[in-house]
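Structure record follows, encoded as structure tokens.
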Amino acid sequence: MTKTHFLTVLIVPMVCVVSTTLLAQSTKTNKGFLVDVNRPFVYVKFDHIGPGAPRSVDEPNSRIWLRLTNNCRIPILVRANGVPDESPKDEVGLEYEVVPNPTMRGMVSFSPSDKDQTGLSGETQKSETKADEIPRGYMEEVASLVTIGPGEEVLFSMPINHLSKRWHVEIPFEFELPKPKGKGLRDPVNGGIPVMVVQYSLWDLPPESQAETRMK
């Protein structure tokens, strides 16, 4: 009995010390990498919904203005093009894709408020979005690279129909890292490129803006 109590008393403090150490290390890492530790390292901030110049004849006049924010201490690069002359002076023609939402299979239960948003309650949710129904995004073969520094943001906009219950947008970005010095031979056993995107959907909008978007 004495040995049992001794081991318990000994192990519990060790576990507490290890947990506290890992938490301290994690907090220190977040503070070193993130500008605001309560936010993702890159995120989109809602600005407003209002009239705006369409980029093509098939776009509505109503647009959603957003701000892509770099919340990490490493600059990031995004692709961008020009905007119409009547656009806000600080707006950037950010490039992004419009992507169908993934199919959800199986039984899904929602609260009554969720049912109002999805139209489903305890049923199998399937994506039946056809390719020709999805609006074309803003990805182009030729674009400029825009740097967003740590803690900085860029204003951009999209047609209000680029967010839907059936599709969302994905904004590609990459870290702006120092270029390697010299040119080394490519090692054939190494491959792959990390791909990063920020996903933004209808449900990321404030509730009142979600309702406004669905009515358009």
Problem set entry | Amide hydrogen neighbours beyond the local backbone of residue 43, cut-off 5 Å, H modeled | 69, 71
For this session: Step through the residues of the stretch 74-87 one at a time and calculate ³J(HN,Hα) from phi using the Karplus curve (6.51 cos²θ - 1.76 cosθ + 1.60, θ = phi - 60°), rounding each to whole Hz and writing x for Gly and Pro.
Result: 10, x, 10, 10, 10, 8, 8, 10, x, 10, x, 4, 7, 6
Exercise. If you add up the charges near residue 197, with Lys and Arg at +1 and Asp and Glu at -1, over every other residue whose beta carbon is less than 12 angstrom from its beta carbon, what do you get?
Worked result: -3
Problem set entry | In Hz, Karplus ³J(HN,Hα) per residue of the stretch 162-178 (6.51, -1.76, 1.60; θ = phi - 60°; x = Gly, Pro) | 7, 10, 8, 5, 10, 8, 9, 10, 10, 9, x, 8, 8, 6, 8, 9, x
Problem set entry | Share of carbon and sulfur in the accessible heavy-atom surface of the stretch 140-216 [1.4 Å probe, %] | 55 percent
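How many Å² of accessible area per residue for the stretch 32-73, probe 1.4 Å?
Averaged over the residues of the stretch 32-73, the accessible area is 51 Å².
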Problem set entry | ³J(HN,Hα), Karplus 6.51/-1.76/1.60, whole Hz, each residue of the stretch 195-200, x for Gly, Pro | 10, 10, 9, 9, 8, 9
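The values are calculated or read from the model by the stated rules, or taken from the named source; none is laboratory data. Note that the coordinates shown come from a computational prediction; the quantities given were computed from them, not determined experimentally. Cβ atoms come from the backbone with ideal geometry, glycine included; neighbour counts cover every protein chain shown. Note: accessible area is taken over every heavy atom of the protein model, side chains too, but ligands, DNA and RNA are not part of it. Shrake-Rupley method; radii C 1.70, N 1.55, O 1.52, S 1.80 Å.
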